[in-house]
1. In the list Thr29, Thr23, which residue meets the criterion of being open to solvent by less than 10 Å² (accessible area, probe 1.4 Å), of a type outside the set (A, V, I, L, M, F, W, C) and on the phi < 0 side of the Ramachandran plot?
2. Anything in segment 321-357 that is more than 27 Å from Ser244 (Cα to Cα) and not small (Gly, Ala, Ser)? List them, or say none.
3. Give me the pairs: first residue in segment 183-195 and more than 15 Å from Leu119 (Cα to Cα), second residue open to solvent by 50 Å² or more (accessible area, probe 1.4 Å), beta-carbon distance under 7 Å, and six or more apart or on different chains, which are they?
4. Sort through Gly84, Gly91 and tell me the only one that's modelled with pLDDT of 75 or more, on the phi > 0 side of the Ramachandran plot, open to solvent by less than 10 Å² (accessible area, probe 1.4 Å) and touching a helix residue (DSSP H, G or I) at 6+ places or on another chain (Cβ under 8 Å).
5. Would you confirm, using the coordinates I've provided, whether Ala113 is in contact with a Leu (Cβ under 8 Å, 6 or more places away or on another chain), at pLDDT 80 or above and over 27 Å from Tyr183 (Cα atoms)?
6. Out of segment 44-70, which residues are of a type in the set (S, T, N, Q), at pLDDT 75 or above and crowded, with 19+ Cβ neighbours inside 10 Å?
7. When only residues in segment 33-43 that are under 23 Å from Phe264 (Cβ atoms) and in contact with a Leu (Cβ under 9 Å, 6 or more places away or on another chain) count, which is surrounded by the most Cβ atoms within 10 Å (Cβ to Cβ)?
8. Looking at segment 118-145, which of its residues are at pLDDT below 85 and either in contact with a strand residue (DSSP E or B) (Cβ under 7 Å, 6 or more places away or on another chain) or open to solvent by 40 Å² or more (accessible area, probe 1.4 Å) (or both)?
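The values are calculated or read from the model by the stated rules, or taken from the named source; none is laboratory data. In this text the structure is predicted, and so the values were computed from the model without any measurement. Virtual Cβ from ideal backbone geometry, glycine too; neighbours counted across all protein chains shown. Calculation scope for accessible area: heavy atoms of the full protein, side chains included, ligands and nucleic acids excluded. Shrake-Rupley method; radii C 1.70, N 1.55, O 1.52, S 1.80 Å.
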Amino acid sequence: MTRLHCKENLREEDMFAWYRDLTERERNTFWGCFAGWAVDAMDAQLFSFVLPVLIVAWGMKTAQAGYLATATLLSAAIGGWACGYLADRFGRARIMQFTILWFCAFTFLAGFAQDFQQLMVLRIMQGLGFGGEWAAGAVLMGEIIRAEHRGKAVGTVQSGFGVGWSAAAILAGLVLAHLPQEYGWRVLLMIGVLPGVLVLYLRRKIEEPEIFVKTRAHVEKTGTRPGLGAIFQPETLRITILSSLLAFGVIGVGGAIVNWLPTFMKTVRELSPSTSGYYVFVVTGGSFFGFLASAYLSDRLGRRRTFQLFLLCSWLITIAYMFLPLSGWPLVVLGAPFGFFTIGNYAALGPFFTELFPSAIRASGQSFAYNFGKAAGAVAVSTIGILAQYITLAEAIGLVALLGYSIAFVATLMLPETRGIQLTPGYEPLAPRPDSGVSSPPAEAAVVRARR
């Protein structure tokens with residue numbers, strides 16, 4: 001009994017030993033990116049709680065609400081890809097600082113919108129910064145954290161999404177419950193600018209990764225600067241396509257669910273905005289632990305197997321959550337695993353994408369794949385809104401989600417396993433682990449052609 005107890009303590013201790021093993025530089029980067037991602041998520045998700053209020057206040061149709069979300073996600077995709085390219089040229093930390101100021105400012109300004117058209121423009125501008133923040137931050141984390149801790153550290157940073165989403169749910173519940181709805185939603189959006197100050201303070205000590213500094217020095221010395229289309233060269237095109245499809249099934253579907261969940265709670269489950277906020281809080285709590293679990297498992301089981309496990313469970317939990325007549329406590333209880341699997345699987349994307357793309361075009365490739373998922377998710381959001389005019393909202397969300405999860409699962413079967421790969425300035429996406437069953441393209445050719 002004593003030996004068993006000791007072994008359990010050792011296993012529990014091992015789960016957190018990686019953080020204690022981080023250097024000061026790694027920890028500064030960890031917390032700076034964690035805070036930025038939390039604020040990023042909070043500002044983005046505040047709108048999901050505002051949306052059902054505006055549907056009533058402005059008489060918007062569900063299709064119009066879907067267009068708002070779609071426009072934001074599309075602009076986030078454009079901003080993310082652009083910021084990824086800029087991060088490859090000017091630095092990960094510098095671009096990351098700029099993006100958080102950008103999206104916080106436009107979240108605040110959205111609180112002054114007087115009609116649908118003004119809100120559309122401001123949401124598009126906000127999306128440009130929202131897409132760019134993680135494009136730079138994920139690459140920064142992936143390049144600074146050591147290989148043995150990369151999955152756990154980068155994945156745990158993404159748990160900041162659950163923290164930010166929870167903060168948005170709490171704020172929405174408090175503000176919308178105690179202020180008249182005609183201006184309560186404005187106050188809710190304006191609050192979003194405040195945490196940005198804290199993030200800028202935490203990020204003052206963040207430095208550029210040595211890998212990036214060496215790669216940029218080589219590029220400037222040789223004059224072989226990669227072009228914007230380098231990720232579409234034959235040697236990297238396959239990885240670009242498959243990682244983008246994986247991102248669609250994980251980010252796109254997850255984003256679509258997140259955007260429609262408060263409306264789903266109000267219209268299908270007939271809950272008030274404040275009450276639905278507390279229900280969503282349970283889902284975000286589940287997502288937080290899902291982030292931690294998938295981050296840990298990605299270093300233990302591998303990137304591909306972790307995604308496959310979470311996607312399969314997401315399939316099953318979505319069927320139950322959307323198609324069963326749940327209410328009351330069953331809805332609350334099932335909300336935790338719903339968030340755990342459908343949102344928690346984000347965590348392994350960061351380290352996986354960092355390891356799939358070569359150093360000179362890492363931010364460009366990673367941000368394109370990540371934001372393709374957002375762009376495809378934008379289409380999914382609008383599709384749900386359109387389908388909801390012919391079938392129930394629950395059926396629309398469920399059908400789109402199940403299709404996206406299936407596409408992502410197929411992509412994992414075709415991508416190489418990258419767990420444990422050491423990143424260097426000349427790193428290329430070859431040498432998959434023996435359990436991947438997938439061969440990679442020649443590395444040297446990709447190094448040369450990346451400059452095109």
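1. Working: Thr23 fails: open to solvent by less than 10 Å² (accessible area, probe 1.4 Å).
Residue meeting the stated conditions: Thr29.
2. Listed by number, the residues that qualify are Phe323, Leu324, Pro325, Leu326, Trp329, Pro330, Leu331, Val332, Val333, Leu334.
3. So the pair list comes out as Gly192/Phe108; Val193/Phe108.
4. Gly91
5. no
6. Restricting attention to segment 44-70, the residues satisfying the condition of being of a type in the set (S, T, N, Q) are 45, 48, 62, 64, 70.
Still in the running and at pLDDT 75 or above: 45, 48, 64.
Answer for segment 44-70, where residues must be of a type in the set (S, T, N, Q), at pLDDT 75 or above and crowded, with 19+ Cβ neighbours inside 10 Å: Gln45, Ser48.
7. Looking at the filtered set, the residue picked out is Asp43.
8. Hit for segment 118-145 is Leu128, nothing else.
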